[in-house]
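Chemist: The structure follows.
What follows draws every value from the coordinates through simple rules; no lab data is involved. Keep in mind that what you see is a predicted model, and the values were worked out from it rather than measured. Cβ placement follows ideal geometry from the backbone for every residue including glycine, while neighbour counts extend to all protein chains displayed.
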C-alpha cells in the first residue's frame, strides 16, 4: 500500500462537509482558547485568590464529570449531529452570561462557578458526540488524516486564541474577551447544523441503563484502553492545574502577567500545529507504545515554570509538549475509532473522557491550596511527577506496547 502524502490528507478540505467541520473547529476553539485565560485572570482580579480561581476553573470539569456518561449514551441512542448543535447553544448561553456578569460588575465566585458548571455540561455533550461523529463525515481509511487536520484546526485556533487572549485581557478585560468566546460557539453551532453526515449506526433496542452497561463492557474489554485512561486520570489532573491555574498564577507573579502567559500558551498551540501536520502522514506500527513515550515530554512545562525560566524558554518547552501531545491525540483517537464498533463509539468515548477528567477538579483545587501553602515550586514538581510516574507504569502493560495500527 502506497504511503499517504500531505496532498492526500489536505484534499479532505475540498469536501464540503469536512471543510465546514474544520471551520467549526477553528472558530469554536479560538474562543475556547481565550476562555481559561480570561477566567483565570478575571477571578484573580476579582478576589486575588488562587483558591477562588481554582474553584471556578474546576467547576467546568465537574460539569463534564456529572454528564459525560449521559452525553455519550444519548449520542449513540439519538443523533450525534443534533447533540453537537445543542451543546454549542448551551455553551453560547453560559459563556455569554459569564461575560455579562463580569462586564456589569456583578460577578461572584459562586455565580461564575455555577455558569462554568453549565459550560462543562456542554463540553460533556460535545466530546463523546464528536468522537463518534467524525467517522460519519469521512471514510474509515481517511480517519487519521481527518483527526490530524482537525487537530491542526483546533490547535491553530488555540495558538491564535491564547496569544489574543493575553492581549485582550490586558487591554479590554476578561468580560469582553469571554463575550467573543460566546460568539464563537454560536457560529460553530450554525456550521455544524449545516452538515450532512452519513447515517448513524443504530444500536440494538435496549434501556438507557443497558446501553450504559454495554458501553462499559466494551470499554473494559480493551486493556490498552482502560489502562491509558487510568494513566490520564492523573496526567489530566496535573496538566489542568498547570495550564488552567498554576501557569497563569506564576506568570502573574513572576513573568509579567497575562501577555506572558499568552505567549507561553501560544507556544503550546504552535507545537500542536506542527505535530498535527506531521501526523497526517505518520505511520506507526505500534501506535500506543509510540504515543505513550511521547507523553514523557509533557513534564517539561511544569519543570520550566518551577524555576521559573524566562518566557521564551518556557514557551519552547510548551511547544515541545504541544507537538508531542498532538501526535498522541491523533494516534489515540484513530486507534479508538478503528478498534471500537461504531455503534458503541460515543459511549466508550464517554467512559474515556470520564476516566481522564474524573479527578481533574481535585487536582485543580489541590494545586490552588498547595500554591498558597507549600509554594509554586514544590507544587509544580508534584505536577511533573504525576506525568512521568503513571506513564512509566503504563508502558509496562503488554497490550499498550503491542496493539497494532489498522491498515
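Chemist: Rank these for me by crowding, 116, 110, 34, going from fewest to most other beta carbons within 10 Å.
Modeler: Lowest count first: 110, 116, 34.
Chemist: Among 384, 24, 170, which one shows the biggest mean-square fluctuation in a GNM of the chain, springs joining Cα atoms closer than 10 Å?
Modeler: Largest GNM mean-square fluctuation: 170.
Chemist: Which one of 166, 247, 42 has the biggest mean-square fluctuation once the chain is modelled by GNM with Cα springs under 10 Å?
Modeler: Of 166, 247, 42, the most mobile in the Gaussian network model is 42.
Chemist: Would you mind checking the tilt of helix 223-241 against the longest principal axis of the Cα atoms of the chain, expressed as 0 to 90 degrees and rounded to 10?
Modeler: That helix lies at roughly 20 degrees to the long axis.
Chemist: Based solely on its DSSP helices, what 222 nm [θ] is calculated for the chain when runs of n ≥ 4 H residues each add -39,500 (n - 2.57) and the sum is averaged over all residues, nearest 500 deg cm²/dmol?
Modeler: Value at 222 nm, helices only, nearest 500: -26500 deg cm²/dmol.
Chemist: Helix 50-77 sits at what angle to the longest principal axis of the chain, using alpha carbons and giving 0 to 90 degrees rounded to 10?
Modeler: Value to nearest ten degrees: 20.
Chemist: Counting other beta carbons within 10 Å of each Cβ, put 139, 378 in order, fewest first.
Modeler: Result, fewest neighbours first: 139, 378.
Chemist: Additional query: Give me Rg/Rg_expected for region 119-162, where Rg uses Cα atoms only and Rg_expected = 2.2 N^0.38 Å with N residues.
Modeler: That ratio works out to 1.32.
Chemist: So how tilted is helix 109-133 from the main axis of the chain? Cα-based, degrees 0 to 90, rounded to 10.
Modeler: The helix 109-133 is inclined about 20 degrees to the chain.
Chemist: Hey, another quick one. What order do you get for 383, 396, 93 when you list them from fewest to most C-beta neighbours inside 10 Å?
Modeler: Ordered from fewest to most neighbouring Cβ atoms within 10 Å, 383, 396, 93 come out as 396, 93, 383.
Chemist: I want to verify the translational diffusion coefficient of the chain in µm²/s; compute it with Stokes-Einstein, Rh as the Kirkwood radius over Cα pairs, at 4 °C and 1.567 mPa s.
Modeler: 62 µm²/s
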